[in-house]
1. Tell me which residues, restricted to the range 65-92, are open to solvent by 100 Å² or more (accessible area, probe 1.4 Å) and modelled with pLDDT under 95.
2. Hey, among the residues in the range 93-110 that are open to solvent by 60 Å² or more (accessible area, probe 1.4 Å) and not in a helix (DSSP H, G or I), which one's nearest to GLY79 (Cα to Cα)?
3. Residues ARG49, ARG35: which one is open to solvent by 80 Å² or more (accessible area, probe 1.4 Å), part of a helix (DSSP H, G or I) and among the charged types (D, E, K, R)?
4. Considering only residues of the range 1-29 that are loosely packed, with under 13 Cβ neighbours inside 10 Å and not hydrophobic (A, V, I, L, M, F, W, C), which is modelled with the lowest pLDDT?
Amino acid sequence: MKYLCQVWFETAKINAISADEGEKLTKDSIINDDRLRDSGHLLVALALREPSTAVTVRVRSNEVTATDGPFAEIKEHLGGFVLIEAKDMAEATAIAATFPVARYGAIEVRPAYSIKEEC
């Protein structure tokens, strides 16, 4: 079964880490990703740029609007996601607990499925 692990950072905490801490976090994350990929658990892992780089798209009454950046003061932001394969939620949670980025925020683990397979 597939699980989406959303990486939520405490914005102030992640922005306050030193360059050395950031470099160590990146290296530790790469090592962990490689280990999970080798074990067959990791399907995709991507980091996201800062919230200020985002564009929000809405379609209302067939009208498309796109708005830049964040709209409100936020304490946490989505920093990335990891798609894993696990036998159940317990294994998915155990895998998410190995993510080095969990030291700086939270990992939301959620079962994922193909809507095509649900029809």
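The values are calculated or read from the model by the stated rules, or taken from the named source; none is laboratory data. Predicted, not measured: the structure shown is a model, and the values here were computed from it. Virtual Cβ from ideal backbone geometry, glycine too; neighbours counted across all protein chains shown. For the accessible areas, the whole protein counts, side chains as well, though only heavy atoms, and no ligand, DNA or RNA atoms are used. Shrake-Rupley method; radii C 1.70, N 1.55, O 1.52, S 1.80 Å.
1. Filtering the range 65-92 down to residues open to solvent by 100 Å² or more (accessible area, probe 1.4 Å) leaves 68, 71, 73, 75, 87.
Selection gives ASP68, PHE71, GLU73, LYS75.
2. GLU108
3. ARG35
4. In this case the residue turns out to be ASN15.
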